[in-house]
């Protein structure tokens, strides 16, 4: 049986995500921005929370952990502490570790940059990646604790995933990301099509994720910082991918 995934809003613009294994009834939350919406989603589907898979220590991703752990006695999986301690974690994971949610297998990618401890969870059989605040649709996270080379390496790890993998991220930032990306590549046909799609989805009150990695590779300027077309868009012809990425991220910080 195929995993079931539910996406919903938490806080202001965070995504809450549940992944459920029908075979064993195990259910994991990807991060826990706040408990209320997660509990509501669980009850709406008749599921019980067995696991929380944390991606990094920021408060808007761990704020609901204590309440959920108390209510469901669930296992909390999180990255090794690199900069800030994460409370209530039962299992620490790093690059290459496998996390089981019932019969579902999640592979851990260390994707630091946004924070030093950031990890992403890849469910290969389900063709899904949960990248939280490392990779957004048509964007990427701010580099708060790491370096630009570190973040660029993390993006390259995610870019290596197959085109048919679905990307789930931590925030509804796509409209803002599209607006910025069009200042770099106003004539990119895939990006322009995505802009129209995003405008329609937001007008209908629908989320803009998940999105396909293949589409991101064609339209996300941050994933394509080593593409000559993107380098030309920031007047850095011949520059390295990491230098173009740093320029892009600095520009987005100010946009």
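The values are calculated or read from the model by the stated rules, or taken from the named source; none is laboratory data. Remember, it's a predicted structure, so these values are computed and weren't measured experimentally. A quick note on method: Cβ atoms are made from the backbone with ideal geometry, for glycine too, and the neighbour counts reach across all protein chains shown.
Brief remarks on what is shown
- Criterion applied to 119, 129 was being modelled with pLDDT of 95 or more, under 18 Å from residue 29 (Cα atoms) and touching a helix residue (DSSP H, G or I) at 6+ places or on another chain (Cβ under 7 Å), and the one residue passing it is 129.
- Counting the residues of the stretch 140-154 that are under 13 Å from the mean Cα position of the chain (by Cα) and either surrounded by fewer than 24 Cβ atoms within 10 Å (Cβ to Cβ) or closer than 17 Å to residue 83 by Cβ (or both) gives 3.
- Listed here are the strands (runs of 3 or more DSSP E) enclosed by the stretch 1-110 that have at least 2 residues being surrounded by 21 or more Cβ atoms within 10 Å (Cβ to Cβ) and either in contact with a strand residue (DSSP E or B) (Cβ under 7 Å, 6 or more places away or on another chain) or at positive phi (or both): 14-20, 27-30, 51-53, 75-79, 104-110.
- Residue satisfying all of: in the stretch 155-182; in contact with a strand residue (DSSP E or B) (Cβ under 8 Å, 6 or more places away or on another chain) and under 12 Å from residue 127 (Cβ atoms); surrounded by the fewest Cβ atoms within 10 Å (Cβ to Cβ) among these: 164
- Of everything listed in (1) part of a helix (DSSP H, G or I); (2) under 19 Å from the mean Cα position of the chain (by Cα); (3) surrounded by fewer than 16 Cβ atoms within 10 Å (Cβ to Cβ), the single unmet condition for residue 206 is (1).
- Residues that are out of contact with any helix residue (DSSP H, G or I) (no Cβ under 6 Å at 6 or more places or on another chain), closer than 20 Å to residue 164 by Cα and without any contact (Cβ under 8 Å) to a residue 40 or more places away in the chain within the stretch 189-214 comprise 189, 193, 197, listed in sequence order.
- Residue count for the stretch 222-242, restricted to those that are free of Cβ contacts under 8 Å to residues at least 60 places away in the same chain and either part of a strand (DSSP E or B) or under 21 Å from residue 160 (Cβ atoms) (or both): 8
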